[in-house]
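The values are calculated or read from the model by the stated rules, or taken from the named source; none is laboratory data. These numbers were taken from a predicted model, which means no experiment stands behind them. Cβ sites come from the backbone with ideal geometry, for glycine too, and all protein chains shown count toward neighbours. Just the protein is used for accessible areas: all its heavy atoms, side chains included, with ligands, DNA and RNA removed. Shrake-Rupley method; radii C 1.70, N 1.55, O 1.52, S 1.80 Å.
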There are 2 protein chains.
Amino acid sequence: MNPLNPIEFRRQCHMVTDFVVDYYQNIEKYPVRSQVKPGYLFQSSPDCAPMYPESIEAILKDVQKDIIPGITHWQSPNFFAYFPASLNTASFLGEMLLNGFSVVGFNWESSPAATELEIIVMEWLLKLLQLPQSFSTSSNQGGGGGVLLGSTCEAFICTLLAAKEKTLDQIGRENTENLAVYCSDQTHFSFHKSAKVVGIKPENVRQVLTTRSTNFELSPESLDEMIKRDLEDGLIPIYLCATVGTTSTTAVDPLGPLCEVASKYNMWVHVDAAYAGSACICPEFRHFLDGVEGASSFSFNAHKWLLTNLACCCLWVKDKASFTKPLSTTSELMANESTESGKVVDYKDWQISLARRFQALKLWMVLRSYGTIALREYIRKHVKMAKDFEGLVNMDARFEIMAPRYFSMMLLESVNATGRVYMTHSVVGGVYVIRFSVGASLTEDRHVNMAWELVQGEATSLLGEPRPETTSNGED
Amino acid sequence: MNPLNPIEFRRQCHMVTDFVVDYYQNIEKYPVRSQVKPGYLFQSSPDCAPMYPESIEAILKDVQKDIIPGITHWQSPNFFAYFPASLNTASFLGEMLLNGFSVVGFNWESSPAATELEIIVMEWLLKLLQLPQSFSTSSNQGGGGGVLLGSTCEAFICTLLAAKEKTLDQIGRENTENLAVYCSDQTHFSFHKSAKVVGIKPENVRQVLTTRSTNFELSPESLDEMIKRDLEDGLIPIYLCATVGTTSTTAVDPLGPLCEVASKYNMWVHVDAAYAGSACICPEFRHFLDGVEGASSFSFNAHKWLLTNLACCCLWVKDKASFTKPLSTTSELMANESTESGKVVDYKDWQISLARRFQALKLWMVLRSYGTIALREYIRKHVKMAKDFEGLVNMDARFEIMAPRYFSMMLLESVNATGRVYMTHSVVGGVYVIRFSVGASLTEDRHVNMAWELVQGEATSLLGEPRPETTSNGED
């Protein structure tokens, strides 16, 4: 057994490449959401790992026969569910290279290129997003910095820890039980989970209610009032999570005024732009980040809408000393001259785990392969498709748009009929809604138009003939 | 811009495949540990992302020129540092496929195949490792289950949360400050970090001291005594981390007696076999896991020594209800019929983050492509090479073996000379030691012999002529 036989490696890689290309060329033939029933794969699968080797040909045959039917096709041009997880050639090649090298870049010495390329791409992105210089790694003396994490959850956990440790250092550990963190009722549920992980009591994750009349934005006045009441009740506010582009409606919280409120109470402000952050590389959308300079940290997922596949969450912090303090470890096992010189970044102290993949390589390949101009055009194309869809919806009085469309996602008030395309739902302001989210690499105008025709057709068959003057509230 | 143009996709994938093959064929020409100086990459890199597209040819040229010199070659056959991060053809192809599909398998519905294949490979591995049936997903009614996580750190955090929540549910949240967790002074530092993340006070991470005379194993008697004293001091023991194959010396903690002690105090016992777990697929090494049936959870990293590249930590738990309780989230965004039916596993409730890659696919491809017999032979080959190295060391009186060699790693008492190969060090029992860890896919006998010749040569040039009757203690 030679697990890296070059002849076999080459032959099998070429074979899998062709398999993946065929998959993309046939992707529209598959149902977007898998139609299998629970347990389908257990029936065709043996109970034990095989004793003897099986050929790549046999394995790929099973992938085609057993795996593909059980896949929900996130790369389908008819996938309008959740948020996109956009794949593309450059990112795929980046993954091939990083898996080929398979370095474990926990500190600088374990692979200097992995650390330094990460600093470089994070500086490139900082400039593309026009983030404040205070978030830059190159700002020297204390200052900030960027890091690639596995998920927004990890970004929440690491920044929550920093806020918690900073506060407890000042006021004493006996106050742990009273620490409180703030968000809106539109904040992603991962924030609640993250707060629980770091030991914030669930009842101390304080949710400001939003309303449809203010587009589901977090109100700075309501936040201030809530904090004042909480202080009287003995709570200690330490952290605010503001969102640019919420998951249900892509609401944009007003960063400037929120940071002003938070600064009165010396709170850490994290800006979660997981989905919408990518759009802000276009100058015309950058205003959604106005006020971010007042925040303590900012993150977005390049793996959602910036053509970089899972997992690639970009996080910047303003105060790297506070950020890395609770995450830093020292061990004789990791001791080395470069670390001791103080001249290098050891990213193990910027994340939860020790091991880390060479993620920067794929982001670097995406940014170079497409270039800024084409990436902006790519974002604009999706936004335009969602806007066109909005136009279609507006022409049909049976449907109502529940919240403004800023980016490439919009909402349809549901007729409780999901189409053969894949969309997901949410409940906002008590109303059950369909989310229509554009962003797959292969999506073109025709897919959007077909999706709308499907939704209209479902509505018609449910309601009978179109009733152009009635607006259903769908609150059944 | 068509980010998934099939013609370009195919052409560029073939080009990168050839690049990676060339890399492996040349890997022995590169210095194992990168020789660059801090900041080397900043000099050759532009300040901003490019505006216009660059060709794959130009990018690969830069990878060769700028990235490869900054890589520490974990796949080199002369890499004996840390623990292996073994790559191979099957796992590389698995990564290609899973990146090609790019599904985000947070729940069953988002891609049924991702969830069901994970259950299947975890059952296969459970059988290969002869883990108790109580860890099996198929044990029904309550029972256990397996999950693929990103790292041992994540396994620690998730199981610590379960132990914490379970205890606090019983005795009340006001006791959080007194919760204590146990390990040895040989336990990996990630455990301390994980305990800090979930809010265990650093002074309540209680370390039992080990000694060379007992091969750095965690003594059940010492543990029992420590817990008894801690109880008197008002601490509440909730969790024990036992290790099979510690990082410094591959010490094996006695699982059976440790679980007996822990059960007296109703503690969660986690067995961390990050490195050595893979060896236990060989019947002759399985005895190192004896007693695991008394544990609450068990994890090992397939990405270390089971030919599956980063990141792939396999975790099993006995009580999945307690395990998933603190990690479960409900949200209208994720609501779906399959989840409500109770017939499916939603892996988002078995890990920290929401997003997850289709990791099972690469593990499945490794297990099928090589088959059990060849995987065992692969492990045995490395163990034999380490044993041969031990033989060489034993013949040179200037060196002393600091701890027994069980697997494929052993220790040399240092002469403070590191070779041109890459080994790392540790400090055990107050002695500075070199770790010699075998496990790269490409390593053959000749690499091990050359490594030894290098170490001997360095020793000779440092000490003058060989002094066969003297044993240096190296405690300078």
Kindly indicate which of A:296, A:353, A:278, A:331 is more than 9 Å from chain B (Cβ to nearest Cβ) and either under 29 Å from residue B:246 (Cβ atoms) or open to solvent by 10 Å² or more (accessible area, probe 1.4 Å) (or both). A:296
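Determine whether residue A:379 is in contact with a helix residue (DSSP H, G or I) (Cβ under 7 Å, 6 or more places away or on another chain), in a loop (DSSP other than H, G, I, E, B), aliphatic (A, V, I, L, M) and modelled with pLDDT of 80 or more.
Answer is no for this residue.
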Counting residues that are more than 27 Å from residue A:371 (Cβ to Cβ) and touching a residue at least 40 places away in the same chain (Cβ under 8 Å), which strands (runs of 3 or more DSSP E) fully inside the stretch A:227-333 reach at least 3? A:236-243, A:268-272
Return yes when residue A:418 is touching a strand residue (DSSP E or B) at 6+ places or on another chain (Cβ under 9 Å), open to solvent by 20 Å² or more (accessible area, probe 1.4 Å) and modelled with pLDDT under 80 and no when it is not. yes
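Here is a list: A:325, A:304, A:318. Which entry is farther than 23 Å from residue A:446 by Cβ, touching a strand residue (DSSP E or B) at 6+ places or on another chain (Cβ under 8 Å) and open to solvent by 20 Å² or more (accessible area, probe 1.4 Å)?
Only one candidate qualifies: A:318.
What about residue B:301, is it facing chain A (nearest Cβ under 9 Å) and touching an Asp or Glu at 6+ places or on another chain (Cβ under 7 Å)?
no
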Kindly establish whether residue A:343 is open to solvent by 30 Å² or more (accessible area, probe 1.4 Å) and modelled with pLDDT of 85 or more. yes
Residue under question is residue A:290, and the condition is that it be at pLDDT 95 or above, more than 19 Å from residue A:158 (Cα to Cα) and charged (D, E, K, R); does it hold? yes
Run residue B:37 past the list (1) assigned to a helix (DSSP H, G or I); (2) more than 29 Å from residue B:373 (Cα to Cα) and report the number of the one that doesn't hold. (1)
Filter the stretch A:3-40 down to the residues that are of a type in the set (Phe, Trp, Tyr) and open to solvent by less than 10 Å² (accessible area, probe 1.4 Å) and list them by number. A:9, A:23
Restricting the search to the stretch A:165-186, which residues are open to solvent by less than 10 Å² (accessible area, probe 1.4 Å) and either within 11 Å of chain B (Cβ to nearest Cβ) or in a helix (DSSP H, G or I) (or both)? A:168, A:179
When only residues in the stretch B:83-120 that are touching a Leu at 6+ places or on another chain (Cβ under 8 Å) and outside any helix (DSSP H, G or I) count, which is surrounded by the most Cβ atoms within 10 Å (Cβ to Cβ)? B:86
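Out of curiosity, is residue B:254 under 23 Å from residue B:126 (Cα atoms), in contact with a Pro (Cβ under 8 Å, 6 or more places away or on another chain) and open to solvent by 10 Å² or more (accessible area, probe 1.4 Å)?
For residue B:254, the condition - under 23 Å from residue B:126 (Cα atoms), in contact with a Pro (Cβ under 8 Å, 6 or more places away or on another chain) and open to solvent by 10 Å² or more (accessible area, probe 1.4 Å) - is met.
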How many residues, within the stretch A:192-218, are farther than 19 Å from residue A:167 by Cβ and hydrophobic (A, V, I, L, M, F, W, C)? 4
Being in a loop (DSSP other than H, G, I, E, B), surrounded by fewer than 24 Cβ atoms within 10 Å (Cβ to Cβ) and within 7 Å of another protein chain (Cβ to nearest Cβ) is the filter here; which residues of the stretch B:50-74 pass it? B:50, B:51, B:52, B:53, B:54
Just to verify a result, which residue in the stretch B:374-395, among those that are within 17 Å of residue B:305 (Cβ to Cβ) and β-branched (Val, Ile, Thr), is farthest from the other protein chains (Cβ to nearest Cβ)? B:383
